[in-house]
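Scroll down for the structure; my scribbles are underneath it.
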Amino acid sequence: MCTIVQVAANPLATGAGDSEHAPSRLTLAQAFNSLATTVGPIFGASFILANGLAVPDASILSPQALAMERRELAHVFQTPFLIIAAALIGIAIVCWSVRHWVQDAAPSLAKEGHAALLSNRRLMFGVVSIFLYVGAEVAIGSSMANYLMLDSTLSAAAQMAGTLVSVYWGSAMVGRFIGAAVMRKANPALILTLCACGAFVMTTTSSLSAGLLAAVTILAVGLFNSIMFPTIFALAVEGMGDRTPQASGIICLAIVGGAIVPLATGMVADSVGLKLALLVPALCYIWIAFYGIFTARNKVLHGTQLSSPVPVLIG
């Protein structure tokens, strides 16, 4: 369902104004997404676990008593999730009520199949970039706590390491608010290239160093990651015209990189250790930097609605 929302919402954000500032708009929109993922768990934990949560001990309870305890435990979560469901239904009703406001701005579905889209290098290079970006982001974020607990990094306690992980995600939120403003004035493709290079340097430095330097540089990757997803998305669908929804769907398929790259990173970590395994996501950023250079050199004519499978490019 979240993917369906992204397929529909991201093209609306990119098409809600002039195409030149689409990366800035989408970055700003996703900054609020990052804000929600940062503060949401805090409010959720406070609301759901405010009175504590006792986990039933299966070793001392009969099957009947255990089932009863689990039912009572489920009631603790029932009310908050019902409230969330009601809020989502309310948002859906609002979106349905105002659908006519954006009907003219929203691109219509094209009749052509995906074959024409697959021949578009700008789009398909963007799909690969999203695959690698999401994979690198998740690989680093999911291994962050274990990495900070290593003796060669910080030797942090589990609770401290878990707390520091929020710096990684929180810096991504801050970076998106900053990036949305910067890209109103600067070339988004060049900003993407600089951020990808920065993420590569930070990840590689952390992998090849130790102590506080290794910890600070890996946490700083979140700041460089911040603008990548919305900027790659906006650059990839630029000039798609009526085929923007289809292009959006293809891009969102690439989010599966968040399941594959972390697996590859874990396999390397099992062989050579977690520090050197960080070179796997570091390599992902090299392609993303290339994509920024590619889109900077191959600009789509703004205001052009493309019907051909390959964008009209200017050198």
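The values are calculated or read from the model by the stated rules, or taken from the named source; none is laboratory data. Values in this document were obtained by computation on a predicted structure and should not be read as measured data. Don't worry about glycine lacking a Cβ; one is built from the backbone with ideal geometry, like all the others, and counts go over all protein chains shown.
Quick notes on this structure:
- Taking the listed residues Thr231, Thr217, the one that is surrounded by 22 or more Cβ atoms within 10 Å (Cβ to Cβ) and hydroxyl-bearing (Ser, Thr, Tyr) is Thr231, with no other qualifying.
- Elements of type helices (runs of 4 or more DSSP H) contained in the stretch 118-214, each with 3 or more residues being under 22 Å from Ala254 (Cβ atoms) and out of contact with any helix residue (DSSP H, G or I) (no Cβ under 6 Å at 6 or more places or on another chain): 121-149
- Within the stretch 249-297, helices (runs of 4 or more DSSP H) holding 2 or more residues that are assigned by TED's automatic domain parsing to the domain that holds Asn225 and within 23 Å of Leu192 (Cα to Cα): 257-272, 279-297
- Single residue of Arg176, Arg184 found to be charged (D, E, K, R), farther than 14 Å from Tyr285 by Cα, buried (at least 18 other Cβ atoms within 10 Å of the Cβ) and under 22 Å from the mean Cα position of the chain (by Cα): Arg176
- Taken over the stretch 235-244, residues that are part of a helix (DSSP H, G or I) and either buried (at least 20 other Cβ atoms within 10 Å of the Cβ) or not assigned by TED's automatic domain parsing to the domain that holds Phe294 (or both) amount to 5.
- Yes/no for Ile232 being touching a His at 6+ places or on another chain (Cβ under 8 Å), assigned by TED's automatic domain parsing to the domain that holds Phe131 and at pLDDT below 95: no
- Any hit, the stretch 163-184, residues being touching a residue at least 24 places away in the same chain (Cβ under 8 Å), touching a Lys or Arg at 6+ places or on another chain (Cβ under 6 Å), in the same structural domain as Arg121 (by TED's automatic domain parsing) and within 25 Å of Phe290 (Cα to Cα): no
- Any hit, the stretch 91-100, residues being within 24 Å of Cys284 (Cα to Cα), at pLDDT 80 or above and over 25 Å from the mean Cα position of the chain (by Cα): no
- Scanning the stretch 137-153 for residues that are crowded, with 20+ Cβ neighbours inside 10 Å and over 23 Å from Val256 (Cα atoms) yields Tyr147, Leu148, Thr153.
- In the set (1) in contact with a Cys (Cβ under 7 Å, 6 or more places away or on another chain); (2) over 18 Å from Leu190 (Cα atoms), Thr217 fails one condition alone, (1).
- Among the residues of the stretch 267-278, the one identified as surrounded by 16 or more Cβ atoms within 10 Å (Cβ to Cβ) and either of a type in the set (Asp, Glu) or under 20 Å from the mean Cα position of the chain (by Cα) (or both) is Leu278.
- Exclusive hit being modelled with pLDDT under 90 and on the phi < 0 side of the Ramachandran plot, set Ile218, Ile178, Ile191: Ile178
- Matching residues in the stretch 201-236 - criterion: being closer than 14 Å to Ala180 by Cα and small (Gly, Ala, Ser): Ser226, Ala234
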